[in-house]
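Enquirer: Input: one structure, supplied below.
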Amino acid sequence: MVNRRFRTSLPNMEQLVSLRGIRKTFSAYSGQTEVLRGIDLDIDAGEWLSIIGPSGAGKTTLLKIMGLLDEPTSGVYRLGGTEVGQWSMVERQLVRLRSIGFVFQDYSLIPDLSVSENIELPLTFTSKRLSRKRLVREAVLRVGLEQREGYRPGQLSGGQQQRAALARAIANNPTILFADEPTGSLDNSTSEHVMGILRGLHDAGTTICTVTHDEKLLSYASRVLEIRDGLVATQ
Ligand code: ADP
């Protein structure tokens, strides 16, 4: 057996993401559906890649695989230079918690926890209490939710929930941030606010990958990739 370093975070390197022949099949009552049919894609450190394509094309599925929230059925995913398929479950979880941020399309906040507790939860696995409190505070300030820290998601507007979800995703200062339609259901001013935060992160060196149909958000991307029927249509 080959002795190798145990991974807990992503190293600094030029090519962060490399996907080759990524396929994903889901089983449902109606049978098997192949949602991704052989995706090849590279993302360099510092890029802002935007993924577009019609509904059902496989964009969210792809984002979840890249964000280590799901696994491909076949193909090779190299993240930070090594093949994710070779990592243990613990390595996958640690890298995800330490180096990756993920903003879900439906926010996915925990309804019984306050804004601060939602942001803090993923940090409990990687940071000590004092630094956790500092990271939560910084994230809350970055998204401008200091007046709502103690509120539960059900007591917030959609825009505030999105900002809370963004705060949770960036609290660990991720190397790469994945955001699924981060401005999808926001009014103009909240959308501008969220875009401002994303731009600030990108300017500070965070690699960003968004799924979006929002023309304004698209204009900030350094590259746009179109997915159709589970394949890369144009890039
Ligand atoms: P997009 O983000 O481009 O709208 P998705 O990746 O969300 O597309 O979904 C692509 C297809 O995969 C859809 O037809 C969806 O129903 C199907 N799909 C997604 N997740 C699952 C799942 N867990 N089980 C079965 N089918 C799924």
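The values are calculated or read from the model by the stated rules, or taken from the named source; none is laboratory data. Fair warning: this is a prediction, and the values are worked out from it, not measured in the lab. Positions of Cβ are generated from backbone atoms using ideal geometry, with glycine treated the same way; all protein chains shown enter the neighbour counts. Quick note on the areas: whole protein, heavy atoms, side chains included, nothing else; ligands and nucleic acids left out. Shrake-Rupley method; radii C 1.70, N 1.55, O 1.52, S 1.80 Å.
Enquirer: Could you tell me which numbered condition ARG142 fails, if it satisfies all but one of (1) at pLDDT below 95; (2) surrounded by 14 or more Cβ atoms within 10 Å (Cβ to Cβ); (3) closer than 16 Å to LEU186 by Cβ?
Expert: Every condition holds for ARG142 apart from (3).
Enquirer: Any idea which of (1) at pLDDT 95 or above; (2) surrounded by fewer than 21 Cβ atoms within 10 Å (Cβ to Cβ); (3) under 17 Å from LEU198 (Cβ atoms); (4) not basic (Lys, Arg) is the one LEU135 doesn't satisfy?
Expert: (3)
Enquirer: How many residues are of a type in the set (S, T, N, Q), assigned to a loop (DSSP other than H, G, I, E, B), open to solvent by 10 Å² or more (accessible area, probe 1.4 Å) and closer than 26 Å to SER55 by Cα when one looks only at segment 184-222?
Expert: The number of residues fulfilling the criteria is 2.
Enquirer: A follow-up question, please. Can you pull out every residue in segment 54-64 that is over 27 Å from GLY200 (Cβ atoms) and either among the aliphatic types (A, V, I, L, M) or touching a residue at least 12 places away in the same chain (Cβ under 8 Å) (or both)?
Expert: Hits for segment 54-64 are PRO54, ALA57, GLY58, THR61.
Enquirer: Within the group LEU41, LEU19, LEU62, LEU79, which residue is closer than 20 Å to ASN173 by Cβ and either within 13 Å of the ligand (Cβ to nearest atom) or surrounded by 15 or more Cβ atoms within 10 Å (Cβ to Cβ) (or both)?
Expert: Selected residue: LEU79, the only one of LEU41, LEU19, LEU62, LEU79 that is closer than 20 Å to ASN173 by Cβ and either within 13 Å of the ligand (Cβ to nearest atom) or surrounded by 15 or more Cβ atoms within 10 Å (Cβ to Cβ) (or both).
Enquirer: Could you say whether any residue in segment 82-96 is surrounded by fewer than 16 Cβ atoms within 10 Å (Cβ to Cβ), modelled with pLDDT under 95, part of a loop (DSSP other than H, G, I, E, B) and within 16 Å of the ligand (Cβ to nearest atom)?
Expert: No, segment 82-96 contains no residue that is surrounded by fewer than 16 Cβ atoms within 10 Å (Cβ to Cβ), modelled with pLDDT under 95, part of a loop (DSSP other than H, G, I, E, B) and within 16 Å of the ligand (Cβ to nearest atom).
Enquirer: Quickly run through segment 163-183 and pick out the residues that are assigned to a helix (DSSP H, G or I) and either of a type in the set (Phe, Trp, Tyr) or open to solvent by 10 Å² or more (accessible area, probe 1.4 Å) (or both).
Expert: The answer is ARG163, ARG168.
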